[in-house]
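Worksheet: the structure to be examined is printed underneath.
The values are calculated or read from the model by the stated rules, or taken from the named source; none is laboratory data. Nothing here was measured: the structure is a model prediction, and the numbers come from that model. Every residue, glycine as well, gets a Cβ built from its backbone with ideal geometry; the counts of neighbours run over all protein chains shown.
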Amino acid sequence: MKSFLIDRYAKGGALRLGESPMPALKDNDVMVEIHAAGVNPLDSKIRDGEFKLILPYRLPLVLGNDVAGVVVRVGANVRQFKSGDEVYARPGQDRIGTFAEYIAMDEADVAMKPNNLTMEEAASIPLVALTAWQALVERANVQKGQKVLIHAGSGGVGVIAIQLAKHLGAYVATTTSTANVALVKGLGAEVVVDYKKDDFEKVLQGYDVVLNSLGKDTQEKSLAVLKPGGKLISISGPPDPDFARKSGSGWLLQQVMRLLSYGIRRKSKRLGVDYSFLFMTANGGQLGKVTS
Ligand SMILES: NC(=O)c1ccc[n+]([C@@H]2O[C@H](COP(=O)([O-])OP(=O)(O)OC[C@H]3O[C@@H](n4cnc5c(N)ncnc54)[C@H](OP(=O)(O)O)[C@@H]3O)[C@@H](O)[C@H]2O)c1
């Protein structure tokens, strides 16, 4: 089948249009003919080699972490899907490869595509929506009336996270550039801080949750926004010991992650807030809930 692949990790390197073998169909898998694939910063980070320690892929590698398409075959144990179903998904992280004609995915990672979305619209959703869900629902357990700061509200994750936080009944603040102020207000954010003009840490206080997708500087300033007992959830690093353990990293890598996050964990502890790193995972059930 045709696919876009990388032969080696290279910062800024181009993808190669080439041929790769049809994916093997396991008993719990659905084979999906790909109609649309979403592009995420994760794809360029994988290509650049930033994830080679925690995601040791075999090369050549077909990139792509978001998909919408039509089921063409199902494995012997599949119960939820049949040929002809229109579906969308973020494949499991060890089975990525949506920049291709076909992909095989565990049915547990797949959801029915909502009828009111085109294939292209649906393919833009899974990775960012699952990230927002796992941060705000699973990790933070956001409750009605809580104050939530979503950084980078105009980004892929931010756009969904604002809407999800509003849906959960939260009071939402976000940061964005001047050009995107109207966009994030339209999504329901109560407070919009234009980072080109204002410092968010000077105008926001007493927040229960901060979702950070930006750099170290923003991360550290975010601590000042949280009230004691609040939660700083970062999807842009640094990875913490809990993530290191759960990701099955070896001892050495666990120690590296412990060291990388030592500073922010120490500062958080001093202020009585909780720091955690989140690396989203595939989950068809959650994806189904996001668009139900
Ligand atoms: N750990 C995980 O599971 C996970 C999952 C998904 C994404 N991520 C990571 O999260 C990051 C964001 O992903 P994404 O898909 O949302 O990226 P994206 O769609 O490229 O959005 C990034 C946004 O950041 C905004 N931005 C840049 N500088 C800013 C600042 N100083 N303050 C506020 N906003 C700023 C930009 O908006 P303006 O144009 O308004 O500046 C842009 O819309 C990436 O690094 C990605 O790799 C991690």
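Assorted remarks:
Condition check ((1) touching a strand residue (DSSP E or B) at 6+ places or on another chain (Cβ under 9 Å); (2) within 16 Å of the ligand (Cβ to nearest atom); (3) modelled with pLDDT of 95 or more) across all residues:
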residue	(1), (2), (3)
Phe200	yes, yes, yes
Gln205	yes, no, yes
Asn212	yes, yes, yes
Asp217	no, yes, yes
Leu232	yes, yes, yes
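- Output for the range 74-91, where each listed residue is of a type outside the set (Val, Ile, Thr), more than 23 Å from Asn116 (Cα to Cα) and surrounded by 15 or more Cβ atoms within 10 Å (Cβ to Cβ): Gly75
- Any hit, the range 180-198, residues being within 13 Å of the ligand (Cβ to nearest atom), under 21 Å from Gly272 (Cβ atoms), of a type outside the set (Val, Ile, Thr) and in contact with a helix residue (DSSP H, G or I) (Cβ under 8 Å, 6 or more places away or on another chain): no
- Among the residues of the range 2-17, those that are surrounded by fewer than 14 Cβ atoms within 10 Å (Cβ to Cβ) and touching a residue at least 12 places away in the same chain (Cβ under 8 Å) comprise Lys2, Asp7, Arg8, Ala10, Lys11, Gly12, Arg16, Leu17.
- The range 139-166, subset within 9 Å of the ligand (Cβ to nearest atom) and surrounded by fewer than 21 Cβ atoms within 10 Å (Cβ to Cβ), residue nearest to the chain's Cα centre (by Cα): Gly155
- Against the test of being modelled with pLDDT of 95 or more, farther than 28 Å from Tyr57 by Cα and in contact with a Lys or Arg (Cβ under 9 Å, 6 or more places away or on another chain), the options Lys147, Lys82 yield a single qualifying residue, Lys147.
- Across the range 100-114, the number of residues qualifying as in contact with an Asp or Glu (Cβ under 8 Å, 6 or more places away or on another chain), surrounded by fewer than 24 Cβ atoms within 10 Å (Cβ to Cβ) and not in a helix (DSSP H, G or I) comes to 5.
- Here the condition is being among the polar types (S, T, N, Q) and under 18 Å from Glu220 (Cβ atoms); of Ser276, Ser292, it holds for Ser276 alone.
- Selection from the range 265-281 of residues that are touching a Leu at 6+ places or on another chain (Cβ under 8 Å), of a type outside the set (Asp, Glu) and closer than 12 Å to Leu226 by Cβ: Lys267, Ser268, Leu271, Val273, Tyr275
- Filtered residues of the range 183-213 (kept if among the hydroxyl-bearing types (Ser, Thr, Tyr) and either touching a residue at least 60 places away in the same chain (Cβ under 8 Å) or closer than 18 Å to Thr131 by Cβ (or both)): Tyr207, Ser213
- Scanning the range 221-236 for residues that are surrounded by fewer than 22 Cβ atoms within 10 Å (Cβ to Cβ) and of a type in the set (S, T, N, Q) turns up just one, Ser236.
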